[in-house]
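Asker: Dumping the structure here so I can ask a few things about it.
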Amino acid sequence: MNIIVVVGARPNFIKVGPLMPALASAGIDARIAHTGQHYDATMSDVFFRDLEIPEPAWFLGVGSGTHAVQTGTAMMKLEELLAAERPDALLVVGDVNSTLAGALAASKIGVPVVHLEAGLRSRDMSMPEEVNRLVTDQLTSMLLTPVREADENLIAEGVDASRIHFVGNIMAESVLRNLARIETRDVCGTLGLAPRGYVLATIHRPENTDHPERLHEIASALLDSPLPVLFPVHPRTRPLLASAGIDGAEGSNVRLSDPVGYLDMLALQRDAAAIVTDSGGIQEEACMVGTPCVTVRRNTERAITVEVGANRLAAADARVIGDALTQALAGGREWERPERWDADVSSRVSEALLSGVLPLAGCAE
Ligand code: UD1
Ligand code: UDP
C-alpha cells in the first residue's frame, strides 16, 4: 500500500511523529508532503529533528495568507502532486488549512482520504478549524477517531459506521513515547524557574488574538498570576502583545520566549504548576502529563479533558481566568486518562489502513 501523508502546521508534525515508524513497520509505503503552511525553523524544522520525522518527499512552499489563499494554493499544489503520484490514499491529520486542502484536492481527483483525528466538534462555526473538520470529514473515506464521542458525532452527521475506526489519540501516544526521552531535561531550571513554581502559557487562536479587548483581559490575568508565567509566543500573537499590556521586560511577571521545540515544551508542561492555553494539542498533553489546564475558550472539541478533571474552560475575562487558575493550582494532579490515549494508536492506524480503505459512494471503479 502506498500513501501520501499531508502535514503543514505545528500540530500536524507532532501527530505524524509516532505514525511514520508504525506505518513503515507495517509495510506501508508512506511519504510526507509538507505544504509549508508553517515555515519558521521554530515552527517546523525543530519538530522534524525532535521527533525524528523522515524528511518530506515534497515541500510545497505554500506559506502564509488568508484562508482562501492558503487553502487554495495548497490545493493546487497537492492536486498536481496527486495527479502525478496516484497514491492508494491521502492521509490528513488534525484540522488546519492544510488538512482541508488535502481532503478537497484528493477527493476531487478520486484519491481516497483518510483522516486521523476525525469527528472532533466544538460546534462553534466561528472557528476556522471547525469548518475544516466538518468539510474534511464529509470527504473522508476512512475516519480515525481519538475518542468515542467523535464516533457519535460522525454517526449523527450521517457517516456510515463501517468507515469509522476508534484508534485513540495520537498526541497521547507521542507524549508516552517521548516522556522517557526527557526524564532529565531541565528546561525550567535553565530558565531559573522551579519545578511546580511557574505557570506555562500559550495563546494563538484568532478568537483571542484578533479581539484586542480579549487579549488585554488574558494579558491582565497572566500579569496577575500568583506564580511567574513563561509564555512561548506563537508568531501570530507576538506583534499584538505590547498593546495588550505585556512587554516581556526584565522583572515582569510574564516572561516571553520564542516558540520552543517539542521536547522542551513537553518538559515545560510536565514541570509547570498549571497551564493556561487556547491550544488544542496542549489541552491533551496537559491531561497526559498530569498538569492542570485552564483553556481560554468558550468551548472545546476536547471535552473529554474537562470531563476527566484535567481541564477547565475560562472566558477571556481577567477575573474568570484568575479564578480558574486559582482552582487549577489548588486542585489535584490525578485523573483517569481517556480510553485509548495510549501507545498503541499508531498500530491501530496501520491495522485500519491494511483492512482496506472503502471508496466513497459512487467512487468504486
Ligand atoms: C494554524 C492553524 C491552527 C493551529 C495553528 C497551530 C489554520 C486555520 N489554523 O494557525 O488551527 O492551531 O496553526 O500553530 O490552519 N507565521 C509565521 N511563521 C510561521 C507560520 C506563521 O510568522 O512559520 C505567522 C504569519 O504571520 C501568519 C500567522 O503566523 O500569517 C498565522 O499563521 P497561519 O498558519 O495562517 O495560522 P496559525 O495562526 O498559525
Ligand atoms: N508546542 C511546542 N512549542 C510551543 C508551543 C506549542 O512544541 O512553543 C506544541 C505543543 O506541545 C503541542 C503542539 O505544539 O504538541 C500544539 O500546537 P498548537 O498549539 O500550535 O496548535 P493546536 O494544537 O492548537 O492546533
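The values are calculated or read from the model by the stated rules, or taken from the named source; none is laboratory data. Just so it is clear, the model here is predicted, and its values are computed rather than measured. As a convention, Cβ positions derive from the backbone with ideal geometry for all residues, glycine included, and neighbour counts pool all protein chains shown. All accessible areas refer to the heavy atoms of the entire protein, side chains included, with ligands and DNA or RNA removed. Shrake-Rupley method; radii C 1.70, N 1.55, O 1.52, S 1.80 Å.
Asker: Based on the alpha-carbon gyration tensor of the range 197-253, what equivalent-ellipsoid semi-axes (square roots of 5 times the eigenvalues) come out, in whole Å, largest first? Let's see the in-between values first.
Answerer: Details: eigenvalues 63, 25, 24 Å².
After scaling each eigenvalue by five and taking roots: 18, 11, 11 Å.
Asker: Sticking with this one: From the protein chains alone at 1.4 Å, what is the descending order of accessible area for Arg255, Arg163, Arg297, largest first? Before the final figure, lay out each step's value.
Answerer: Numbers: Arg255 100, Arg163 40, Arg297 5 Å².
Heavy-atom accessible area, descending, gives Arg255, Arg163, Arg297.
Asker: While we're here: Residues in the range 46-69, backbone N under 17 Å from the label point at Ile109 (7 Å along the Cα-to-beta-carbon vector): list them, ranges by number please.
Answerer: Output list for this probe position: 57-62.
Asker: Still on this structure: Over all alpha-carbon pairs of the range 282-365, lay out the pair-distance distribution in 10 Å bins, whole %, shortest bin first.
Answerer: So the P(r) values, bin by bin, are 16, 34, 21, 16, 10, 2.
Asker: While we're looking at this one, here's another question. Please identify the GluC sites (Glu not before Pro) of the range 114-174 that satisfy two criteria: DSSP loop assignment and at most 14 other Cβ atoms within 10 Å. Which are they?
Answerer: Values: sites: Glu117, Glu129, Glu130, Glu149, Glu152, Glu157, Glu173; in loops: Glu117, Glu157.
Listed in order of number, the matching sites are Glu157.
Asker: Let me ask you something else. Rg and Dmax of the range 1-128, Cα atoms, in Å?
Answerer: When restricted to the Cα atoms of the range 1-128, Rg and Dmax are 13.8, 41 Å.
Asker: For an R0 of 25 angstrom, estimate the FRET efficiency from the Cβ-Cβ distance between Ala57 and Arg177 and round to the nearest 0.05. Each step should come with its number before you reach the end.
Answerer: Working: r = 23 Å, r/R0 = 0.93.
Efficiency computed from Cβ-Cβ geometry: 0.60.
Asker: Right, another one. Jot down the radius of gyration and Dmax of the range 266-322, Cα atoms only, both in angstrom.
Answerer: Spelled out, the Cα radius of gyration and Dmax of the range 266-322 are 10.4, 29 Å.
Asker: Could you give the size of the charge dipole of the chain about its Cα centre, using +1 on the Cβ of each K and R and -1 on the Cβ of each D and E, expressed in debye and rounded to the nearest 20?
Answerer: Working: 31 positive and 48 negative charges, 43 e Å.
The dipole magnitude comes to about 200 debye.
Asker: In angstroms, what radius of gyration and Dmax does the range 146-197 have, counting Cα atoms only?
Answerer: Final numbers for Rg and Dmax: 18.8, 53 Å.
Asker: So if R0 is 35 Å, what FRET efficiency would Met76 and Ala24 give, r being the distance between their Cβ atoms, rounded to the nearest 0.05?
Answerer: Working: r = 29 Å, r/R0 = 0.84.
E(calc), rounded to 0.05, equals 0.75.
Asker: Keeping all protein chains in the complex and leaving out DNA, RNA and ligands, what accessible area do you get for Arg333 with a 1.4 Å probe, in Å² to the nearest 10?
Answerer: For Arg333, solvent-accessible area is about 70 Å².
Asker: In addition: I'm a student and want to see the number: the projected area of the Cα convex hull of the range 144-278, averaged over all directions, in nm². Before the final figure, lay out each step's value.
Answerer: Values: hull surface 41.2 nm².
Projected area, direction-averaged: 10.3 nm².
Asker: With +1 on each Lys and Arg Cβ and -1 on each Asp and Glu Cβ, and nothing else charged, work out how big the dipole of the range 35-79 is about its Cα centre, in Debye to the nearest 20.
Answerer: 180 debye
Asker: For Arg123 and Arg148, what is the calculated FRET efficiency with R₀ set at 22 Å and r taken between the beta-carbons, to the nearest 0.05? Before the final figure, lay out each step's value.
Answerer: On the way: r = 17 Å, r/R0 = 0.79.
Between Arg123 and Arg148 the formula returns 0.80.
Asker: How big is the shadow of the Cα convex hull of the range 73-180, averaged over all directions, in nm²? List each step's numbers first, then the result.
Answerer: On the way: hull surface 30.9 nm².
Computed as one quarter of the Cα hull surface, the answer is 7.7 nm².
Asker: With no solvent and one point on each alpha carbon, what is the Debye value of log10 I(q)/I(0) for the chain at q = 0.14 Å⁻¹?
Answerer: Normalising to I(0) and taking log10 leaves -1.17.
Asker: Right, something else. Using the alpha-carbon centroid of each, what span in Å lies between the range 304-341 and the range 70-134?
Answerer: Centre-to-centre distance over Cα atoms comes out at 31 Å.
Asker: Based on Cβ point charges of +1 for Lys and Arg and -1 for Asp and Glu, what charge dipole magnitude is obtained for the range 264-333 about its Cα centre, in debye rounded to the nearest 20?
Answerer: Working: 7 positive and 9 negative charges, 36 e Å.
Its charge dipole is roughly 180 debye.
Asker: Separate question: Extent of the range 41-80 along each principal axis, from alpha carbon coordinates, in Å, largest to smallest?
Answerer: On the principal axes, the range 41-80 reaches 31, 21, 11 Å in Cα extent.
Asker: With each pseudo-label sitting 7 Å past Cα toward Cβ, what's the Asp224-Arg196 distance in nm, one decimal?
Answerer: Computed distance between label sites Asp224 and Arg196 equals 2.6 nm.
Asker: If you roll a 1.4 angstrom probe over the protein chains with everything in place, what fraction of the accessible area of the chain belongs to carbon and sulfur, to the nearest %? Numbers along the way, then the final one.
Answerer: On the way: 7480 of 14420 Å².
The value for the chain is 52 percent carbon and sulfur by accessible area.
Asker: Could you check the simple spin-label distance between Asp258 and Thr326, using points 7 Å along Cα→Cβ, in nm with one decimal?
Answerer: 3.8 nm
Asker: Can I ask one more? Please give the direction-averaged projected area of the C-alpha convex hull for the range 216-349, in square nanometres with one decimal. Don't skip to the end; give the middle numbers.
Answerer: Numbers: hull surface 34.5 nm².
Directional mean of the projected Cα hull area for the range 216-349 stands at 8.6 nm².
Asker: If I build a Gaussian network model for the chain, linking alpha-carbon pairs within less than 10 angstrom, which residue out of Ile275, Ile170, Ile53 has the largest mean-square fluctuation?
Answerer: Judging by the Gaussian network model, the answer is Ile53.
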